[in-house]
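One structure is given here, and the rest of the page talks about it.
The values are calculated or read from the model by the stated rules, or taken from the named source; none is laboratory data. If you're wondering where the values come from, they're calculated on a predicted model, not measured in any experiment. For neighbour counting, all protein chains shown are included, and Cβ atoms are generated from backbone atoms with ideal geometry for every residue, glycine included. All accessible areas refer to the heavy atoms of the entire protein, side chains included, with ligands and DNA or RNA removed. Shrake-Rupley method; radii C 1.70, N 1.55, O 1.52, S 1.80 Å.
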Amino acid sequence: MPFPVYSRSAPLKEHVGPVHVVRYNTTGQYVLSGGQDRKIILWNPNSSKLVKSYSAHGYEVLDIAVSYDNSKFVSCGGDRTIYLWDVTSGSTTRRFSGHMSRVNAVDFNADASVIASGSYDAKVRLWDTKSSSQRPIQLLEEAKDSISSLQVVGSQIVTGSVDGYVRVYDLRMGQLFEDLIGHPVTSVKDSTDSACLLVSALDSTIRLMDKSNGTMLQSFKGHLNKEYRVRSSFGDNDVYVISGSEDGKIYVWDMLSGRIVHELKGHGEKVVSCVAYHPKQAQMISCGTDGLIQVWDYT
């Protein structure tokens, strides 16, 4: 099946400066974005309308994760702080600090009772959202360099690090699995069936890895990723692999063949740092250093 052609609607322009992260909520009804301007903005991607703006961070916002019920989200950034937000009221309900440097990545567990955060300090900290304690409930410190990306999948925490490793922590079994990619990892993404990992690295290559044994099943090339954190994603129930690029394009590959099926231009020649695919329909969003958020719809 050929990749459908997408048309670009008017970009979302409320951020000032680079936008580092865009995330759909679990229904795809809204988008959250965070950028260098320290703001988090809630959007309606279909109308391109701003719904709400959230401010608390003292430095740039680097990552966002939304809870399963869409009632709250967590954010992190250059101020070394993790904030837990109530979506409706726009207020922060918890603040977690303890990392020694900027926090690059955050995620919830399934019921949003635990937040995992990964930092430039090479540590992953786990925080209990139900407890009043400000101390992390667990510290993962096997990485030798900055944690660039993480995802919580069931009882597992998957991390990507600048030391070139992907690590899978199975907290239930008390086990750690390490796979050497050999280049700084910028993004890790679990597949829908949790059997594979999509791993982006600074050698302009995205790898599809078998989670059970670390075997590389497919590689995706053609984009440019040598210097910046560029995040990749699955699309259309893992039929496609999608990534931004340092040449200003969005690249789409067929997952099985590894062949490029589409190149989308929408950010000039600026870095496209993050892409996300709608959880229920044929739509995706992208952001980059041009400060714009593009919404791509199936035509």
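Yes/no matrix, rows are residues, columns are (1) within 27 Å of residue 157 (Cβ to Cβ); (2) assigned to a strand (DSSP E or B):
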| position | (1), (2) |
| --- | --- |
| 189 | yes, yes |
| 193 | yes, no |
| 206 | yes, yes |
| 230 | yes, no |
| 245 | no, no |
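So is residue 245 out of contact with any Leu (no Cβ under 8 Å at 6 or more places or on another chain), free of Cβ contacts under 8 Å to residues at least 60 places away in the same chain and among the polar types (S, T, N, Q) or not? Break it down stepwise before answering.
Numbers: out of contact with any Leu (no Cβ under 8 Å at 6 or more places or on another chain): no; free of Cβ contacts under 8 Å to residues at least 60 places away in the same chain: yes; among the polar types (S, T, N, Q): yes.
So residue 245 fails the test.
In the range 85-103, what count of residues is obtained for those that are farther than 23 Å from residue 141 by Cα, crowded, with 16+ Cβ neighbours inside 10 Å and of a type outside the set (Phe, Trp, Tyr)?
3
Which residue is least open to solvent (accessible area, probe 1.4 Å), if the candidates are limited to the range 32-63 and must be basic (Lys, Arg) and within 14 Å of residue 21 (Cα to Cα)? Break it down stepwise before answering.
Of the range 32-63, the ones basic (Lys, Arg) are 38-39, 49, 52.
Subset that is within 14 Å of residue 21 (Cα to Cα): 38-39.
On the way: 38: 120, 39: 81 Å².
So the residue we want is 39.
Rundown of residues vs (1) closer than 30 Å to residue 259 by Cα; (2) in a strand (DSSP E or B); (3) open to solvent by less than 20 Å² (accessible area, probe 1.4 Å); (4) touching an Asp or Glu at 6+ places or on another chain (Cβ under 6 Å), yes/no style:
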site: 132; (1), (2), (3), (4): no, no, no, no
site: 139; (1), (2), (3), (4): no, yes, no, no
site: 142; (1), (2), (3), (4): no, no, no, no
site: 169; (1), (2), (3), (4): no, yes, yes, no
site: 186; (1), (2), (3), (4): yes, yes, yes, no
site: 219; (1), (2), (3), (4): yes, yes, no, no
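Within the range 247-256, identify whether any single residue is modelled with pLDDT of 95 or more, in contact with a His (Cβ under 8 Å, 6 or more places away or on another chain) and more than 17 Å from residue 296 (Cα to Cα), and answer yes or no.
Yes; the residues of the range 247-256 include at least one that is modelled with pLDDT of 95 or more, in contact with a His (Cβ under 8 Å, 6 or more places away or on another chain) and more than 17 Å from residue 296 (Cα to Cα).
Which of (1) without any contact (Cβ under 8 Å) to a residue 40 or more places away in the chain; (2) more than 28 Å from residue 228 (Cβ to Cβ) does residue 111 not meet, given it meets every other one?
Here residue 111 meets the rest and fails (1).
Among the residues of the range 247-289, what is the count of those that are charged (D, E, K, R) and in a strand (DSSP E or B)?
Residues in the range 247-289 being charged (D, E, K, R) and in a strand (DSSP E or B): 4 in total.
In this structure, is residue 54 modelled with pLDDT of 95 or more, among the hydroxyl-bearing types (Ser, Thr, Tyr), in a strand (DSSP E or B) and touching a Gly at 6+ places or on another chain (Cβ under 6 Å)?
Taking the combined requirement at face value, the residue satisfies it.
Taking residue 106, is it within 23 Å of residue 229 (Cα to Cα) and open to solvent by 10 Å² or more (accessible area, probe 1.4 Å)?
no
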